[in-house]
Structure formats: structure tokens, C-alpha cells
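Right, one structure below, let's go through it.
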């Protein structure tokens, strides 16, 4: 029948296999009675056909159906999702829409096992599906799509999820919508916000960075015209350029701002040859000013040509002068205006050649080189051919700020008015042409060869000066030229087979490298003629050349360097030798030729013999080759390893103060310096002082040196340093003399100025000196750097015999102490045995006995050790006797020769009689540990405090502090403080709470302490500790947990408002269930105590448990909701009335409260029920009379009932609640062993 009704093929789709089954199922109804479902179907069909609805736009819809694993899924995709409802009536699933849809349902045939027939109603507002059986229907909306899942009736678990692709698409859409909303909100906020710009400046050795920070986006346009850089923003804001104007950074001269109608323009005036780069980072626009590369290498040739250019500017009318200016322009920065008159060349008083360009130079002092100047360096540097400047690369050392200052101004002698007049009346001098223009004239360098007698002459005809380097390794001549112009070596190749077997050229990074392989190692000579380089090769060459020499130098940190004077240097080239395979560093230079006549080898490098320039073979990976003004420097991060040199090797022209000690500058001949001993000391001092006053200024330091030695020999260190200071004032370079360094170092050592002593004894001139090594070992002994002390002692061991037995013993004792600390017992025994049999001063003898005792103790000879300690004590050298007493007590206690109490008494006595060094510190440490063993924690912590206060920088005092912190943690983290009385434990904590550890352990300790405070009813103090944890230290779930405990403390302290505040301020999702329930219960209790019963009940309704029922009853009782309170109390008692066990005190109390509640609620029926239930149990207790009184009829109650009700209402239930709450939720709670239920026959306390 359904098939006949649904005549529209577009609106009805039937599954072929199941149509007959569905129709048969309908036909199986009784033939005498039309099924009700069929009647309603006909009614709906007829109503749908004849109903008339207003015309409106249909929603285009796409339908799909798929059979999934265990269920079927139908998907409706709408243009817009309409509202819908659904219903199921006898296997007919109807999906109704509020708007008309246009959909084709033919794809329902994909799920024949789920749907037999599907059709769209004529009105287009309902879709009907004939289901094959009962299903669970699950709906899911995703954007404009509706997912309908047909699930089996026995489906368990979560419903199927949306397809992954749909979820990803929805996520992207949601994210895009969120971003769009955020952008709209940002734009709305941006409209209300004014534009603000901040200017920040940062300086780097090679560039200056200026950042313009905007609070909102502002478009920027950067342009440049000459020295003026313009930065135009399209928004208006206040620009504070005071920092740029008051103190212009490097490469910037001036800055100012112009405000226009549509924005602001910032103008920057830069130095010449400054590269400008602008870029944006977020809302910030950044401008980088990179300095001119010419500043990195200013040569004498440049200064000479600059002077010539100035002469040309004065006679600008002459073309020949203009040509001279053109030739002189090599290396001069672009667009430099030269208007000042140049001084005559023969004028001796003329300023330096750079002065016309405002370039000021100072001499280079190697000692001013800082260690931080050494960084990484580039392997191959480049030549910038655009402006002719020489680029030293990333690894070139920049000149010091005070060494080269560029000022683009006229010479100081020219007046300002004159400059202005010249600038207005005279034309600007011709700008020096750039090498690029010169290169246009010379595009190729053709090598010329000629035989002159038996020698070969090779000419490289350059038209412009080109720095070069020439040297020979074995049979190969290397020629390196700083030029990018190709070199034609065709003429050399024609000589193949003669003196030159092979020739090749290579262009690398702006340099031309020519290699000529000779038939045998001929002599080589280089000359410079008319800017051309000429190489002569043969058995005998003639010509003049300047010889280069290597010179020692010291940095400011007294590390050694090697410098080579080389005027007009070019660049440093790093490359590999393909024949030998090693690495070379070659320094080029302009002419005339300057050579190294022989190779020189050092530990870290080798300098090759050259015909011109410098060639270096590095042997250390970190060897640095640097260019300074007219100088090449070689060094390493920690300095070069060079033999100790005399002062003239560090400062040419200076003579050593002591001419007799060239081999051992560090030797202190104290015996010969005493000059007659203490008897003649005063007279000798007078003689030397008179000699100093009578001598000439240049000779006075010789006599002062003798006076210093006299003071040192008598150990008058302060007086010796005073004279040394006079020597340095009189002669600035005096401290470069190693003879004075050793004296200053020893004097500082005796005065305890270990840092100054280490500096003086660590200069390179004394680095490998054996005498200085012995004195350095004493410094490290005092600093307790035992490994360095022992190493330096054995480095200088061979020189020890040059000193007196007393000094030898001091050195050996230091080595023995260092060996004992390092457990090098063999070395300690050797040093101590070497002292035996020598008569020494009392102090040295006592120190020897002390160290012998320590040695015997370490090898297990206890009796010998105790005897050695006792002999040291008997010598009564106070510092050593105290140390020996401390070690003796410790050893006797360790070997159980004395008891603990006796050791404490002796340590306390030693602590009183000796103070101020490591012995006192060791005594304090031993005392603290012994106090802990006795359980005297307060004394132990006080001793620790004393040690830290008296020796704040000592490593041992920090160890004592760490040990006491461990004890403190044992007390308050691991429960040992529970053995103390509560008040004592708390007072101990408060007195030494600075030992509380930071982090998680400290938080746990404070919480434990709060529990202890709660146990002694110090609730305010406990709340203060926990409140600090909640508000200052903790986050997340830990904060919520501690806040719960804080709320519990506030409730116990009768402060429900604070308890409620603690809970609500620390709310957060995803808390553990037990923690959340405990917080809810505390919140409900606080609300109840504040009279907000309804809110409390709302919270408790979602909770379960006996304490929850108790809270509900208390809240209802306090709110005087008597009927509900009675019912809740009766519910709490449950089936207790059926048991024969005697009621406990709390149970009897609840029975009475329940009866009173029913009585006050006038519920006589409930009152009769309570009397019937609990009369047999209550009559056996002391509260029988009270029970009979409260269960009387409501109308007959009198004064006695009111009095009893008042007494029961006054009973506080908080304590009982907190006891049960803490028992369940607070794991730190330890309930007392007691029971509410009392055994039969026990005496019960009456309640009323």
C-alpha cells in the first residue's frame, strides 16, 4: 500500500531487496481491521498532497549514505543548516525541517540493511525513512552538515565520531574565525590607540643599529641622498631623538625630525662611506649603519696621497694638478671635500699626513691589546674594488677607538670663516677616481721576461700600486698580488724547460697568486720600479732591500705577542700549499721591498724567509695574524709560548735594571742582598737613600733596585713595595723588567696580597722561570689550589738548592701539604724526608712535626701521629699548636680513645682559646656534628651560624652549612622533629628558618610545619604559613590543594568567610576527584556557617558520604528547617535502631536532634515513629529521660522541652565534622584511638 501511495519516483526511493519484506510486513496485519499506522500514513499523505504552503526558496541539499563498521551513516549537506526535529513511530523515522529543502535520496540504496524506503514529503519539509529494524539514532552537526547515525540497539560506549577530514576542516574554520575576530578586536582597539614611537640605539664594533619601535603598524620608506638618509613614516608620533643628538653613535653625525601633514620624516646625517640598510621586524623598523672599510686599514701611502690631494685642491685650476689628485685618490673615501691648505712638505712642524682629512693617529702600544680582541678570523679576505678600500675581513683586528679617529673636517689651523669662503668661491677639488675607472684602462697584466746575463728578470707591469708578497719554498716561487686584474703568464710558460720549469696563476678572492716552479732553488730578489714589480732570479742577485725583524711584545694581561713592523701593509691571505699540504698566512705590502732574510721557528709558528712581505706557517690552530697600523701582530688567546726575554726584547732601547742576571731573572739571592745582616741594615738603607738623592734621574732606579732587594732580604715587604712604586712613577716601563716583577711578586706574597703576587709572578718573562715557579707554588698553597701548588713546585724543583735551608724548607713544606691534601703520600714523604737533619727556625720545625703527624695518620700509624701532634703542641707555636690539638682530639675520638662528652668539652675549650683560621672552622664543624649526635640541635645550628658568619667565603663553612641543612631536613621533612616537644620543635624552626630549602622540598616542609601548628592549636600561625604558600609560591593543582588545607584551618579557627575566600580564589578545572570533593565540602560548611543554607545544600546534593549527610543535617538544623533536618538526621541513623549495640554519644545526640526537629515541625507521625524505633535503645542510656521528654506529644510540651532543645542546639558540631573530614581527606591527620560507640556497660555521659 505504501508503494501505491508514493507514486512520485523522485520523492520515493525503495531498496530493491527489502521492499517486498517491508510491504509484506504491512500486509501481515489483520484483514478485518485496517492498521492504525496505515490510516495515519494515508492521512499524512493526503494532507501533504492537498495542503497549500506559501512559495519560498528551497534549501539545496546533498544527501549521501554509507555503511560503516557496525552502523550506517547518512549525511545531509545544506546550503545553510535549518532547524530540525525528529520522531520515530513503528519503524518510521521522520526528520522534520522548519524550511523547505530540495534533496534527492537515491543514495539510500547504499544501506539496504538499515533503510527499506526513503522519501521526501511533497511540502519538502520532512524526510521519511522506513527502517528495517529498531535503531538508536545519533545526530551530529558540523557546520552546514547534519550527520545521522543509525546505531544498533545494543551499541555501547561513545557514539561514532565525525570523520577526521571534517574535524580538521571545522578546526581550520574555527581557527580562522577566531583569528578574524581577534584581528577585528585588534583593529577596533588600534583605532582608539594613538601612535607612539620609541627610539633605541645599539652599537657594535662594525655597525650601529637604530630601532624605531611603533605600538601600531606604520609604513616606512627609506631613501638616501649623499650623506643624508631619509626615513619617512606615514603616521605622526612624537620622536625623541635626544639620545642621537646629544651623543651620536658611531658612523652618525646628526639626526633631526620633520613633521608633515601625513607623517614624520627622520633625517640621519652619516659619515662618508657608510652603508645603510633598513628592514622591518614586526612593528619595528631598523636602520643599520655599517662603517667604511677604509677605517680598518689606514696606511702611510694613503696618508701621503691624501696630502697630495690636498695640494691639488689648492690649485684646482691646473689640469696637471687635477691629474695628480686623480692619481692620489687611491683609497680615499668618496666625495670628500678638501678645502684646507696643506702644509709645505719641507716644513718640519707640519702635522701628520692624515691631519688634512681630520685623521688623528697615535702610536700602537702592544700592552694595550686586550684578550677579548682575539676572536675568530676569516681564512680568505677580500678586496673591495668599488671604492678602493682594503677590507681586512671578519678576522681583521679593528683599530682602537683612540688609535684612529676620522673627522671629516678641515685642519685645525684653518679658521672656520676661511673654510666657508673657500667652499663658496672655489670649486670642489676633483674627486679621486676609483680603481674601477683605472681598471678600465688596464684590463690585463702581461708578464714580461728578459735574461740579464745569467739571471732571469720577470716584470709585472702594474699601472697602479698593488701590494705584493714574494717568497720561495724549495723550488717554487710564490707571488701574491692584491688585485683583481687578470695576469697573463704566457711569457713565463714559454720559458718552460729553462730556469722556470712550470708557471701557473690562480685568482682567489680578489688576489692573483702566481707560482713558478724552478729548475733548482735559485736566489730570488724583488724590486719595485714605477709601480711595477720586478723579480730577479739567478745565481747572484743584487739590489737594496730593507730587513724586517721580529719583536717580542706583551699584552695588557702580560701574555706575549710577536710583532713585525711593516709599513703600508696590504691584506692577510690564508691558503693551503698544494705541494706540502700545510697552511700559509701571507701578508702583502706596497713597495719598497722589505724582506726576512732567514726563516725563524717558534713553538706555535714558523716565519719563512721572503723577498718581500711576510709568510707564516702556523703550527697552532688558534694562531692569530692581525694587522695594526704599520704593524703585523701574531698571538694566541693565551699568548705565545716564548722563552723568557730581557726587557730590551719587549721594549727596544731599554736596558735591563740588573745586567748581571741574564740567565736567571727570577733568582732571589737573599743572603748576599742582606749586606752585613741586621747590624748594618740601618746604615745601608741610609747610604742607598743618599745615593738615590744624589744620582741623576736616569740612574736613580739602579739604586732603588738595590734598596728594594735590601728590604726583601730582611722581609720588609711593605717598604719594598713602596720603593717599587717610586720606580714605576719615575719610569713607566719599569714593571716590564722581570727582575722587578719577581721582587714585587714575593713582597705581595708575604703581605698576603695573593692576587697581585700571582699577577707579577705570572708575566711571560717569568713564565718558564724555575725560581718564579717555586714562589708561585707558595701562592697556590695559600689559595689551597693543591694541584697547581704541587705542579709549580716540581717545575722549579731544580732551582731549590740556590736558596738557604730555611727557604728550601718553606718550599718543601708547601709541597708536602699539597701532596697530603691530594693523597700523594709518596711525594709528601719525599718532601718531609728532605727537611730532616737540618736545623731550622722553631716555626718551620713545628710545621714539619704537624705535617709528619698528618702523614702518619693517613698511613694508619695512630700512635706515631698522636706523638707528633703532641710534640707540636709542646713547642707552643700558637697557630700550629691549635691545629695539632684539633687533629689530636679528632683522631682520638675516631679511634675511641676518648668519649663523646670529653671530645665536646675539649673542642669547646679549643674554640675559646683559638680563633680566626681554618682550625677554628674545623673545630666548629666537629662541634656541630657532635651536638647533632647528642640531639642538641639548637647548639648545632647555632654553631653553624657562627661558622658562616665568621668565615663567609670559606669552602669549609659552606660545607658546614650544607651538613646542617641535611639535619634540618631530617627534622622537618622526615619526621625526626616529631620526637621533640611541639613547642620546642616550632621555636627551633622559627629560630633557624633560613635553612628551609627552596622549591618543592621547602613547600613540603612548610606544610608539615603547618600541621604541627594545627596540632597545638596555633591556627593563626598555621594560616599565615599556608597563605604565603598559596599567594606567593604555588601554582596549579598544588596551589588548590594547599588552599584546601588553608580553608580547613580557617574553619577550625571560626573564620568561615576566609575559608570561603580561600576556596573560591583557587578554583580551577581538572582537579582530582577527591580533592574537588573535599573543597566542595569545605565550601558547603563555610556557606552553612555563614547562614547561606540553600547554597550549601545545592553543593552537597551532588556529593555522597557520611560526612556529607552530617553537613546537610547541620546546615538544615542551623537554618531551622526542622522537617528536613529531622528527616536528614533520621536518614543518617539508618537501620541503627535494629541493632542491639549500645548507642554512641554522637548517635544519641542525632536521635535527640531528630526528635526535636520533628517536634518543632509539628510532625506527630514522625515523632511517634522515632519513639517506636529508638525507645528500646535510648531507655538503656543516661539520656532516657531526655528522649522521653522530646518524644511526647507536640501539644503537651512545656518549659522542660524548651530548655533541653536550647542545650542541644548549643552543642557545636564543627569539631566532630572536622575530625571525620580530616580522617578521610587529610592524610597528614593522625586520629586518636577512640570510638564513638561504647561497649555495653560503659558509663555514658548524659547530653541533656
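With a Förster radius of 35 Å applied to the beta-carbon distance between residue 277 and residue 567, the computed FRET efficiency rounds to 0.50. Length gained on full extension, residue 1017 to residue 909: 34.6 nm, using 0.36 nm per residue less the C-alpha separation. Between residue 161 and residue 539, full extension at 0.36 nm per residue minus the direct alpha carbon distance yields a gain of 126.5 nm.
What does the C-alpha gyration tensor say about the overall shape of segment 1015-1103? Classify as rounded when a/c is under 1.5, otherwise prolate if a/b is larger than b/c, or oblate. The shape class here is oblate.
At an R0 of 22 angstrom, the distance between the Cβ atoms of residue 1120 and residue 1165 translates into a FRET efficiency of 0.60.
Between residue 755 and residue 502, full extension at 0.36 nm per residue minus the direct alpha carbon distance yields a gain of 85.0 nm.
Over segment 126-266, calculate the relative contact order: mean separation of alpha carbon pairs under 8 Å at least 6 apart, over the residue count, as a percent.
In percent, rounded to a whole number, it is 14.
Working from label points 7 Å from Cα in the Cα-to-Cβ sense, the residue 57 to residue 1185 distance is 9.0 nm. Judged by the gyration tensor of its Cα atoms, with axes a ≥ b ≥ c, segment 665-750 is oblate; a/c meets the 1.5 cut and b/c is at least as large as a/b. Find the relative contact order for segment 863-964 and round it to a whole percent, using C-alpha pairs within less than 8 Å whose residues are 6+ positions apart. Here the relative contact order equals 17 percent. Annotation: peptides 677-683, 271-277, ranked by per-residue average of other Cβ atoms within 10 Å with the highest first, follow the order 271-277, 677-683. Here each label is just a point 7 Å from Cα along the line to Cβ, and for residue 1172 and residue 444 those points are 13.2 nm apart.
With contacts taken as Cα pairs under 8 Å at a separation of at least 6 residues, segment 987-1116 carries a relative contact order of 15 percent. Rounded, prolate or oblate: which fits segment 789-862, taking a ≥ b ≥ c as square roots of the Cα gyration tensor eigenvalues, rounded meaning a/c under 1.5, else prolate when a/b beats b/c? Since a/c reaches 1.5 but b/c is at least a/b, the shape of segment 789-862 is classed as oblate.
Laboratory data are not the source of any read-out in this text; all were calculated from the coordinates shown. Because the structure is predicted, anything quoted here is derived from the model rather than measured. Don't worry about glycine lacking a Cβ; one is built from the backbone with ideal geometry, like all the others, and counts go over all protein chains shown.
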